[in-house]
Amino acid sequence: MIIGLLKEITGENRVALLPEGVAALVKMNVTVLVENGAGESSFASDSDYEKAGARIESRARVIASSDLVLQIKPAWQRGTQSA
């Protein structure tokens, strides 16, 4: 299974999955793809996600490659922010 993590809309400081959660999923043989910069507002760097076993990818790649996509705010609330 491949789980993708997307960056949240501007003003949202949470992220749907922290590096600790990524590490737990990786231990269960789950592949985790993280959109570049997804954890910045939650003080989790791309490097933190990579150390936990995730791959950093573009938004389009995460969406296209994932079986399940995690995000706190649904896509329809993203407004004019490009996908």
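In debye to the nearest 20, how big a dipole does segment 1-77 give about its Cα centre with +1 on each Lys and Arg Cβ and -1 on each Asp and Glu Cβ?
120
Using the Kirkwood radius built from alpha carbon pairs, what does the Stokes-Einstein equation give as D for the chain at 25 °C and 0.890 mPa s, in µm² per second?
Approximately 196 µm²/s, per Stokes-Einstein.
Tell me, what is the percent relative contact order of the chain, built from C-alpha pairs under 8 Å that lie six or more residues apart?
41 percent.
Excluding residues on the same chain fewer than 8 positions from K51, give the lysines whose Cα lies under 16 Å from its Cα.
In chain and number order, the partners are K27.
Could the peptides 35-43, 6-14 be put in order, highest first, of the mean number of other beta-carbon atoms found within 10 Å of their residues?
My ranking of the peptides, most packed first, is 35-43, 6-14.
Only helical DSSP H runs with n ≥ 4 go in: add -39500 (n - 2.57) per run for the chain, normalise by residue count and round the 222 nm mean residue ellipticity to 500 deg cm²/dmol.
-7500 deg cm²/dmol
Just to check I understand the Karplus step: with θ = phi - 60° and J = 6.51 cos²θ - 1.76 cosθ + 1.60, what whole-Hz values come out for segment 11-28, glycine and proline as x?
x, 8, 8, 8, 9, 5, 8, 8, x, 4, x, 4, 4, 5, 5, 4, 4, 9
Values in this text are rule-based calculations from the coordinates and carry no lab data. Just so it is clear, the structure is predicted and the values come from calculations on it, not from any experiment. Neighbour counts run over all protein chains shown; Cβ positions are idealised from the backbone, glycine included.
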